[in-house]
Amino acid sequence: MAYTLSEQILAQAAGQPVRAGEVHTVAVDLVMVHDSIAPSVIRVLHDELGCPRVRDPQRVAVVIDHVAPAANLATATAQRDLRRWVREQGIAHWFDAGRGIAHQVLIEEGLAEPGRLIVGSDSHSTAYGAVAAFGTGMGSTDIALALATGQTWLRVPETILVRGQGRYGRGVGTKDLALRLARTLGADGATYRAVEYHGLDWLSTGERTTLTTMALEVGAKAGIVAPAGLPVRYPVPAWLQVQEGARYAQVIDIDLATLAPQIAVPHTVDNVVDLGDLGRVPVDVVYLGTCTNGRHEDLVAAARILRGRQIAPGVRMMVVPASSAALQAATGDGTLLTLLAAGATIGTPGCGACIGRHMGVLAPGEVCLFTGNRNFRGRMGAPDAQIYLASPEVAAATALAGYIADPRAI
């Protein structure tokens, strides 16, 4: 019998073959907790479950990334308490403010590996599918239970297969593919399903992460890129491979060569149009960053367009790297200098203003071109601010033009 990638990974975690639709108790390889949710996770663990210690500190990663560094006294106090808890518990994998966004960091550190089951307190934990892990987000109670027992229960999801054909044209990239999928499936088109991506062996790990973070935006429980083509630092177990004859709930074929730059229009991620159909939209802010498009390669893509040019008068360009490693690489190869020379402002690696809590939140009526994953009303600040989602290339072209612009015209 043939199995999907999700079925294969969850079978390993369950210790028996599994099929879509079944409910199983499974062993968790890694639990990720971030600063914003940590206080409620710890409260449930101690007060409701009566569990003074996590079951296995070697299988826990804690990251301060959502408000890094702390933006107010309450946040600073909570982060101080979290640091104390991490020391007391002997947590093996601890990443303080400035190291970067949990998803990017866990992939960089090799904690996310092919075939692993990873649960996280952040909804975009689907990111770990970039390296062919089964990553999924959970609420405080479920994360506390995983910390206490080393297990969780899951309904094995059905899988939607996405097959990429050909290669991108000039000025088009993986963010455009992710937005096109949101346009095709809709915001709930993959609810409690896995999305499996084939035909993309040539994508970098970063590009794969763009796809898998965005899998959540179509409702997916997990997003997994087929492991072929992964760097050797991510060893693929022999049992994990695409199997001919696996059962898929839906199959979507996308011709990458015909794909145009895509734009998600306020206020939903699936409200996507071709950039050429958008019309002229002036912007106040261009924001390059997040777990979806804040990697070194994203900064390089923007710098390539900005080199030797200045951002338009009246436009603020915020660049927040996804990790300290991305920032260091951008410093070493001159990318950072190019961005600064063009007029960009650089922020501490982390989530930044993605959740509207600090470091570049939007004022009433402002318009932002954002390389992140969500454009919900009030997501980045004022409820009447307008957020458009696009690629790093479109972000750079927009910063130069002062309105949402096609990078192919620059």
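The values are calculated or read from the model by the stated rules, or taken from the named source; none is laboratory data. Remember, predicted model here, so these are calculated numbers, not experimental data. Using ideal geometry, Cβ is built from the backbone for each residue, glycine included, and neighbour counts are taken over all protein chains shown.
Among the residues of segment 66-84, the ones that are over 24 Å from Val361 (Cα atoms) and buried (at least 19 other Cβ atoms within 10 Å of the Cβ) come to 1 in all. Would you mind stating whether Ala396 is hydrophobic (A, V, I, L, M, F, W, C), in a helix (DSSP H, G or I) and either in contact with a helix residue (DSSP H, G or I) (Cβ under 9 Å, 6 or more places away or on another chain) or at pLDDT 95 or above (or both)? Against the criterion (hydrophobic (A, V, I, L, M, F, W, C), in a helix (DSSP H, G or I) and either in contact with a helix residue (DSSP H, G or I) (Cβ under 9 Å, 6 or more places away or on another chain) or at pLDDT 95 or above (or both)), Ala396 qualifies. Take the conditions part of a strand (DSSP E or B) and within 19 Å of the chain's Cα centre (by Cα) and apply them to Ile107. Does it pass? No; evaluated as a whole, the condition is false for this residue. For Trp153, the criteria (1) closer than 14 Å to Asp29 by Cα; (2) part of a loop (DSSP other than H, G, I, E, B) hold in every case but one, which is (2). The residues listed here are Thr331, Thr338; of these, the one that is assigned to a helix (DSSP H, G or I), of a type outside the set (A, V, I, L, M, F, W, C) and crowded, with 20+ Cβ neighbours inside 10 Å is Thr338.
Residues are listed down the side, and each one gets a yes or a no for (1) modelled with pLDDT of 95 or more; (2) surrounded by fewer than 19 Cβ atoms within 10 Å (Cβ to Cβ):
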residue: Asp96; (1), (2): yes, yes
residue: Gly115; (1), (2): yes, no
residue: Gly135; (1), (2): yes, no
residue: Thr159; (1), (2): yes, no
residue: Gly171; (1), (2): no, no
residue: Thr174; (1), (2): yes, no
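Before we move on, is Gly347 surrounded by fewer than 18 Cβ atoms within 10 Å (Cβ to Cβ) and touching a residue at least 12 places away in the same chain (Cβ under 8 Å)? No; evaluated as a whole, the condition is false for this residue.
None of Arg99, Arg87 is out of contact with any helix residue (DSSP H, G or I) (no Cβ under 9 Å at 6 or more places or on another chain) and of a type in the set (Lys, Arg) except Arg87.
Residues in segment 26-54 that are among the small types (Gly, Ala, Ser) and over 18 Å from Asp96 (Cβ atoms) were compared, and the one that is surrounded by the fewest Cβ atoms within 10 Å (Cβ to Cβ) is Gly50. Quick check, is Arg233 out of contact with any Cys (no Cβ under 9 Å at 6 or more places or on another chain) and either assigned to a loop (DSSP other than H, G, I, E, B) or of a type in the set (Phe, Trp, Tyr) (or both)? So Arg233 passes the test.
Does any residue in segment 200-226 that is surrounded by fewer than 24 Cβ atoms within 10 Å (Cβ to Cβ) come within less than 6 Å, Cβ to Cβ, of a residue that is assigned to a loop (DSSP other than H, G, I, E, B) and acidic (Asp, Glu) six or more places away or on a different chain, and which pairs are these? Going by the 6 Å Cβ cut-off, the qualifying pairs are Gly219/Asp188.
Being in a helix (DSSP H, G or I), within 15 Å of the chain's Cα centre (by Cα) and more than 15 Å from Arg374 (Cβ to Cβ) is the filter here; which residues of segment 177-211 pass it?
Hits for segment 177-211 are Leu177, Thr205, Gly206, Glu207, Arg208, Thr209, Leu211.
What residue, among those in segment 385-404 that are under 16 Å from Gly360 (Cβ atoms) and of a type in the set (S, T, N, Q), is surrounded by the fewest Cβ atoms within 10 Å (Cβ to Cβ)? Per the criteria, the residue is Gln386.
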